[in-house]
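A short worksheet on the structure shown next.
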Amino acid sequence: ECNMAIVVYPPDLPQILQSGYTLKTAPNMLRTQMADGCTRQRVINSGKPASLSVNINMSGKDYNKFMQWLNQNTQGGAGWFMIPILTDGASNGGPQYKNVRIQNGEISAALSWRSDTGSRWKISFTLDVAMDPLPGV
């Protein structure tokens, strides 16, 4: 699934906001309650899955373009794609491209304002993030 051609988020679409940016790392351990009252804890795999909740502000026109790109290139968010996200590992301190997919393809679009000239939307979704560095990126 991760070995397919990597699709890249279009640079002309609005980028992820710092506001609401929440990274969670899932435990890769198994805990077992023992008969003597102690709890045994052990690592069950070497990967450490992470999820990232993000927001993007965009116009209605950009939202339509985003959804069209998502449906044509990532199976509605089910497929993996590269997007610049904030990390501490970037040498310049800025965003670094990571391999992600949208959890369950769920996207929330909240209307911020609307006028005769257009509209503004706050798009929210949670990403599965491949935390291992990708070759050549």
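The values are calculated or read from the model by the stated rules, or taken from the named source; none is laboratory data. Quantities reported herein were computed from a predicted structural model and do not represent experimental measurements. Ligands, DNA and RNA are stripped out before the accessible areas are found, and what is left, the full protein with its side chains, is counted by its heavy atoms. Shrake-Rupley method; radii C 1.70, N 1.55, O 1.52, S 1.80 Å.
What the phi angles of the stretch 73-78 give under the Karplus curve with 6.51, -1.76 and 1.60, with θ = phi - 60°, is a coupling list of 10, 10, 6, x, x, 6 Hz, glycine and proline written as x.
In this structure residue 117 has an accessible area near 130 Å², from a 1.4 Å probe over the protein heavy atoms.
Under a 5 Å amide H cut-off, with hydrogens placed 1.01 Å from N, residue 55 pairs with 17 among residues at least 5 apart or on other chains.
Using 0.36 nm per residue and subtracting the Cα-Cα separation, the extra length available between residue 57 and residue 35 on full extension is 2.7 nm.
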